[in-house]
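As structure tokens, the structure follows; a few thoughts come after it.
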Amino acid sequence: MINVAIAGYGNLGKSLEQQIRQRDDMRLVRIFSRRKIDNPLQANFDDATKATDIDVCLLALGSYADLRENIRCFANFNTVDCFDDHAETDNYLRLLQQTKPDTVSLVCVGWDPGILSLVRGIFAPLGTVATAWGKGQSMGHGNALRAIRGVLDGVQFTVPYDNASKRFFNGQTKPQQLVRRVCFVACADVDREAIRRQITTMPDYFDGYETEVNFVSQQEVRALKADMSHCGKVYATGKYHTAETTLHVTNNADFTAAIMINCAFAVQKLADDGYKGPFSPFDVPMRYFADKTCL
């Protein structure tokens with residue numbers, strides 16, 4: 001039995017809570033949230049520094065700003081997160097090494113980054129790899145939209161080009177050549193064109209992609225958010241092979257939560273074995289996640 005906490009109470013945080021409560025090998029002891037929520041386990045972020053009964057904290061926080069701005073609050077715990085800014089991963093690992101060097105931090109878990117990262121890592125030494133995501137709702141890109149001042153709510157769908165597979169095998173291997181971004185944004189009475197520019201030029205999220213920004217009502221955004229499905233495909237080619245690995249996710253938040261929960265047990269094992277510091281999925285032997293029957 002391990003004691004866990006959740007930090008963040010959006011779609012992912014709620015999925016984590018629901019799944020943890022269905023298990024008999026994990027006990028939920030705290031939900032850290034900056035917002036007032038109707039939950040007896042709620043605590044403020046600043047209260048985390050005083051907690052002594054948490055083995056692993058599951059960080060259901062956005063990568064655009066939340067994780068980096070608040071990680072100091074959870075420095076005393078072993079943590080699992082789904083940081084998804086691929087280009088900033090090395091900088092994030094350095095931040096964790098500086099902020100919480102004496103605890104275990106497992107980052108970038110989920111399905112991408114996460115599962116599909118491992119697929120890319122296997123095929124990359126053998127040739128060329130690329131990934132096309134969607135069509136589906138990206139939680140990380142939605143968080144980035146909602147972090148913009150003046151945006152009341154927003155959702156983003158990643159859409160692969162119809163001929164993405166043909167593009168890859170013809171040599172177009174950059175993500176920007178395989179997918180486009182479609183945003184739906186509800187905003188306050190502000191300069192919409194300024195918000196559009198801020199979205200389309202946002203580094204690591206939208207800059208360089210064909211990005212469509214639609215301004216709609218909050219009700220329309222809420223309705224669009226209801227579809228939580230997503231998918232991704234890793235393409236690979238080399239001298240001796242071609243491959244396409246496809247993952248279909250019926251609910252992005254639920255699947256990511258399931259992966260994070262499995263990783264919590266891996267983190268506890270790492271801590272029990274004396275490991276400290278930040279790790280990505282590439283750094284942890286598979287035996288910490290699954291037994292040898294999976295060979």
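Between Q97 and H241, what FRET efficiency comes out of the Förster formula 1/(1 + (r/R0)^6) with R0 = 45 Å and r the beta carbon distance, rounded to 0.05?
0.75
I need the phi-derived Karplus couplings for region 228-241: 6.51 cos²θ - 1.76 cosθ + 1.60, θ = phi - 60°, integer Hz, Gly and Pro marked x.
Result, rounded to whole Hz: 9, 6, 7, 7, x, 9, 9, 9, 9, 8, x, 4, 10, 7.
For the residue pair V190 and K166, what label-to-label distance in nm results when each label sits 7 Å from Cα along the Cα-to-beta-carbon direction?
Those two pseudo-labels are separated by 4.1 nm.
Just to be sure I follow: if Rg is taken over the C-alpha atoms of region 155-274 and Rh is the Kirkwood radius over the same atoms, what is Rg/Rh?
Ratio of gyration radius to Kirkwood radius for region 155-274: 1.07.
Can you compute the helix-only [θ] at 222 nm over the chain? Use -39500 (n - 2.57) per DSSP H run of at least 4 residues, normalise by all residues, nearest 500 deg cm²/dmol.
-8500 deg cm²/dmol
Can you give the charge dipole size of region 1-156 about its Cα centre, rounded to the nearest 20 debye, using +1 on the beta carbon of Lys and Arg and -1 on the beta carbon of Asp and Glu?
Computed about the Cα centre, the dipole is about 280 debye.
Using +1 at the Cβ of each Lys and Arg and -1 at the Cβ of each Asp and Glu in region 128-237, identify which of Q172, A186, V151 lies farthest towards the dipole's positive end.
Of the listed residues, the answer is Q172.
Can you list the lysines whose alpha carbon sits under 26 Å from that of K50, skipping same-chain ones fewer than 8 residues off?
Leaving aside lysines fewer than 8 places away in the same chain, those within reach of K50 are K14, K36, K100, K269, K276.
Would you work out the charge dipole size for the chain about its Cα centre, treating the Cβ of every Lys and Arg as +1 and the Cβ of every Asp and Glu as -1, and quote it to the nearest 20 debye?
Around 320 debye, computed over the chain.
Short version: ³J(HN,Hα) in whole Hz for each residue of region 113-118, in order, from phi by Karplus 6.51 cos²θ - 1.76 cosθ + 1.60 (θ = phi - 60°), x for Gly and Pro, what are they?
x, x, 4, 6, 4, 5
Estimate the FRET efficiency between T52 and M286 by the formula 1/(1 + (r/R0)^6), using the beta-carbon distance for r and 45 Å for R0, to the nearest 0.05.
Given R0 = 45 Å and the Cβ-Cβ separation, E is 0.90.
Quick note: the coordinates plus some simple rules give every number you see, no bench work behind them. It should be emphasised that the depicted structure is a prediction, and the values quoted were computed from it without experimental measurement. Every residue, glycine among them, receives a Cβ derived from its backbone with ideal geometry; neighbour counts consider all protein chains shown.
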